Every structure is written in C-alpha cells, then in structure tokens.
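The values are calculated or read from the model by the stated rules, or taken from the named source; none is laboratory data. Computed from a prediction, not measured in an experiment: that's the story for all the values here. Every residue, glycine as well, gets a Cβ built from its backbone with ideal geometry; the counts of neighbours run over all protein chains shown.
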Amino acid sequence: MSKKYNVGVIGYGWVATAHIPALNATTQAQVTAVCSSRPQSGAKLSAQYGSPITTYNDVDAMLADPSLDAVSVCSMPSLHAKHVIAAARAGKHIIVEKPLAMSQKDVDAMLVAVKKAGVKSCVCFECRYSSQFQATKAIIDQGLLGKLHYGEVDYYHGIGPWYGQFRWNTFKKDGGSALLTAGCHALDALLLCMGSEVKEVTSYDTRSASKIFAPYEYTTTSVTLVKFKNGAVGKCAAVVDCLQPYYFHTHLVGSEGSLLDDKFHSMKLGANKAKWSQLSMKMLDSGDVSDHPYTSQFQAFFDALDAGKEMALTSLADAAASHRVIFAADQSAATGKTVKL
C-alpha cells in the first residue's frame, strides 16, 4: 500500500532523529521534507531515512508545498507557537513535540489557530502510549484499584552535560522549568491516572548544589501538590538535577488496592496483601528519545486522521489541559502561593 500522508519536519535536532524513523514506521506516513536552520543535504537524509526528502531553510517555503499533509514540529520550544500557528494557517495537520510552548498565552493562541483551521493535532506526551501506562490505565479502568484517592508520579532524570538536550536546556528561554522541560511527562501521566480535573496546585522548587548543574538559569527540582475536583490528592516531583539512573516513579492508591511501578495489589483478586503481584510491561526507564513509544503514538494519530477524528489521549486539547496545570504549578513555586485553576 502506498503511503498516504506526506510529513514535513520543522527543526532538525536530536528529537527529529527519533520522529523521522517513527513516522516512516507507520503504515500511512512518510517524511518528505525537512526544514532546518542549518544546511542539510536532501540526498544524505533521503539515503539515511529511506524516503525522498526535500530540504528547506525557510518554514514558510516548506509549508507552501501543497504535497505536504502534515508537519512535525521539532524546533526549539520557544518557537513552537509560531510554527504551529503557521502550519495550522497552511492547513497542515500537526504533530508537536513537548512542551507545547513556554507560556499559557502561547498555548491559548495555538488552540485558537488549530480550531479555526480545522486541522487535527498530536502532542508528544507519548508516555500515554507506553507499555507502562497503557497497562497501568487498563488496571485502573478494570476497577482493580477501586476509586483512587492518592497518586504520585515523579520524574527523576539528571540532564547534565552528558545529555544531548543540555546544550540548550540550561537556558530559561527554551528550558523554562524542571516541570516544563521534562517533568511534564510525569505530571501528564498523573492527570491521566487520576482521571479528575484539577482544583488547585501548590508547588515548591529548589536546586542542586552540584557544579554540574550550575549552568541552569532556573530551579532544577520542583515538587507539586495537586488537589483534584473529586477530592483526591496527588504529588509530582520533577528532578532534572539528580545523579542516579532515570526513574519514572508511579504509586497509585485506591479503595481496592495499590499500584507501585510494575507491581500491584488488588483486594478483588483475593491475593496475599503481604506480597505484590508483578506486572509484565516495558518500563519507562530511559530519557533517550529513541526509546520513547513515538511509533505507537504516531500510528494512532494517522489512524485517527483516516477516521476523520481527533486522536485519543494526546490531542492539542488534551495536552493543553496538562500545560494549564504545569503553568499554574510554576506560578505557585514562583509566588509561594497556592494557585486555583
């Protein structure tokens, strides 16, 4: 079957090198254009990725190509709003890497542009499509934990000079905060699991005394307490200045049982309360973009396009709801006050 969707990639950095093979691995899409601020060879990229790629250094010129159906926005976070709005106006469906943007105002402008253009969207909160959270959500939906009243999902990942993102991540302009730059995956997963709208957040921030993380222009550790409208409470730590292996900590507590990472206990199964039951699933245990479940997510996006529907779990509207909580948490940390949503 010939591929139906031609995709252009805006920004050719580290994350684009994960997006392109993942897009080409879907049954319906192929990358046919790359726009980069640095000169790129179309012949070299075509040979590398196995699809014919035209290169551009001007976004508007690429968006003017009528053969392009969709774009994947992999540019610097501070440029996301500009590129998403331009793509929507050009009538292209949109995939955008997280974070969506660096301010609530920019996210609101993106929502307006996408709605007005009538294009479909996908935001790279791809952890919702991971084996770990698909299994976790299935256990919740089966009622094995009962009604959740407490949850914590935490992100521990030291983003130091050994890591590709460090080069630009240290600047407030494109890093933003511990939550925005990376911890957003954990907060988004917490909101997915708890399944209730957020009433208010209180957040505190701090930073490591290690010289390794001194270049950061913002605090690199935060902890956010979340009160949900249904009365449940939650916690999300975002720690990008730790010196330890990557760890995506998940602990959910409900009226019928608990889940801890890849283990759970449920009263409904009549199991021994003194021992955890083990779940077989691939854990989120790496920050490497090549390990992220982009292909599953992008496949769901193109399947939704085929059906003429918004994609499940990670549309722009879904991600915007999570970003609203992130910006409120950062506001709370900056002001020392609880922020109501």
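What residue, among those in the stretch 85-101 that are touching a Leu at 6+ places or on another chain (Cβ under 7 Å) and part of a loop (DSSP other than H, G, I, E, B), is farthest from Cys35 (Cα to Cα)?
Among those that are touching a Leu at 6+ places or on another chain (Cβ under 7 Å) and part of a loop (DSSP other than H, G, I, E, B), it is Pro99.
Just checking, which of Ala334, Ala274 is within 27 Å of Ser210 (Cβ to Cβ), more than 20 Å from the chain's Cα centre (by Cα) and surrounded by fewer than 17 Cβ atoms within 10 Å (Cβ to Cβ)?
Only one candidate qualifies: Ala334.
Report yes if some residue within the stretch 292-307 is in a loop (DSSP other than H, G, I, E, B) and either outside the structural domain of Thr202 (by TED's automatic domain parsing) or closer than 22 Å to Leu111 by Cα (or both); otherwise report no.
Yes, the stretch 292-307 contains a residue that is in a loop (DSSP other than H, G, I, E, B) and either outside the structural domain of Thr202 (by TED's automatic domain parsing) or closer than 22 Å to Leu111 by Cα (or both).
Enumerate the helices (runs of 4 or more DSSP H) found wholly within the stretch 1-84, keeping only those where 3 or more residues are within 23 Å of Ala109 (Cβ to Cβ), in the same structural domain as Asp108 (by TED's automatic domain parsing) and of a type outside the set (Phe, Trp, Tyr).
59-63
Go over the candidates Asp241, Asp174, Asp188 one by one and state the one that is surrounded by fewer than 21 Cβ atoms within 10 Å (Cβ to Cβ) and either part of a strand (DSSP E or B) or charged (D, E, K, R) (or both).
Exactly one residue qualifies, and that residue is Asp174.
Within the stretch 11-47, track down each residue that is in contact (Cβ under 8 Å) with a residue 60 or more places away in the chain and among the small types (Gly, Ala, Ser).
Matches in the stretch 11-47: Gly11, Gly13, Ala18, Ala22, Ala25, Ala29.
Any residue in the stretch 99-113 that is surrounded by 21 or more Cβ atoms within 10 Å (Cβ to Cβ) and closer than 30 Å to Lys263 by Cα?
yes
Looking at the stretch 149-185, which of its residues are of a type in the set (Phe, Trp, Tyr) and under 24 Å from Thr17 (Cα atoms)?
Tyr155, Tyr156, Trp162, Tyr163, Phe166, Trp168, Phe171
Matching residues to (1) of a type in the set (Gly, Ala, Ser); (2) out of contact with any helix residue (DSSP H, G or I) (no Cβ under 7 Å at 6 or more places or on another chain); (3) in contact (Cβ under 8 Å) with a residue 40 or more places away in the chain; (4) crowded, with 16+ Cβ neighbours inside 10 Å:
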{"position": "Gln278", "(1), (2), (3), (4)": "no, yes, no, no"}
{"position": "Met281", "(1), (2), (3), (4)": "no, no, yes, yes"}
{"position": "Tyr294", "(1), (2), (3), (4)": "no, no, yes, yes"}
{"position": "Ala300", "(1), (2), (3), (4)": "yes, no, yes, yes"}
{"position": "Gly308", "(1), (2), (3), (4)": "yes, yes, no, no"}
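So which of Thr55, Thr26, Thr17, Thr32 ends up being surrounded by fewer than 18 Cβ atoms within 10 Å (Cβ to Cβ), farther than 25 Å from Ile326 by Cα and of a type in the set (Ser, Thr, Tyr)?
Exactly one residue qualifies, and that residue is Thr17.
Is it the case that some residue within the stretch 216-226 is surrounded by 19 or more Cβ atoms within 10 Å (Cβ to Cβ), more than 19 Å from the chain's Cα centre (by Cα) and either acidic (Asp, Glu) or assigned to a helix (DSSP H, G or I) (or both)?
Within the stretch 216-226, none of the residues are surrounded by 19 or more Cβ atoms within 10 Å (Cβ to Cβ), more than 19 Å from the chain's Cα centre (by Cα) and either acidic (Asp, Glu) or assigned to a helix (DSSP H, G or I) (or both).
Residues that are without any contact (Cβ under 8 Å) to a residue 60 or more places away in the chain, surrounded by fewer than 16 Cβ atoms within 10 Å (Cβ to Cβ) and of a type in the set (Ser, Thr, Tyr): does the stretch 247-256 have at least one?
Within the stretch 247-256 (the criterion being without any contact (Cβ under 8 Å) to a residue 60 or more places away in the chain, surrounded by fewer than 16 Cβ atoms within 10 Å (Cβ to Cβ) and of a type in the set (Ser, Thr, Tyr)), the answer is no, since none of the residues qualifies.
Just checking, which of Gly151, Gly143, Gly183, Gly160 is surrounded by 16 or more Cβ atoms within 10 Å (Cβ to Cβ) and assigned to a loop (DSSP other than H, G, I, E, B)?
Going through Gly151, Gly143, Gly183, Gly160 in turn, just one is surrounded by 16 or more Cβ atoms within 10 Å (Cβ to Cβ) and assigned to a loop (DSSP other than H, G, I, E, B): Gly160.
Report the residue count in the stretch 277-299 for those that are over 23 Å from His157 (Cα atoms), hydrophobic (A, V, I, L, M, F, W, C) and more than 15 Å from the chain's Cα centre (by Cα).
Summing the residues that are over 23 Å from His157 (Cα atoms), hydrophobic (A, V, I, L, M, F, W, C) and more than 15 Å from the chain's Cα centre (by Cα) in the stretch 277-299 gives 1.
Among residues belonging to the stretch 118-133 that are surrounded by 17 or more Cβ atoms within 10 Å (Cβ to Cβ) and part of a helix (DSSP H, G or I), point out the one that is farthest from the chain's Cα centre (by Cα).
Gln132
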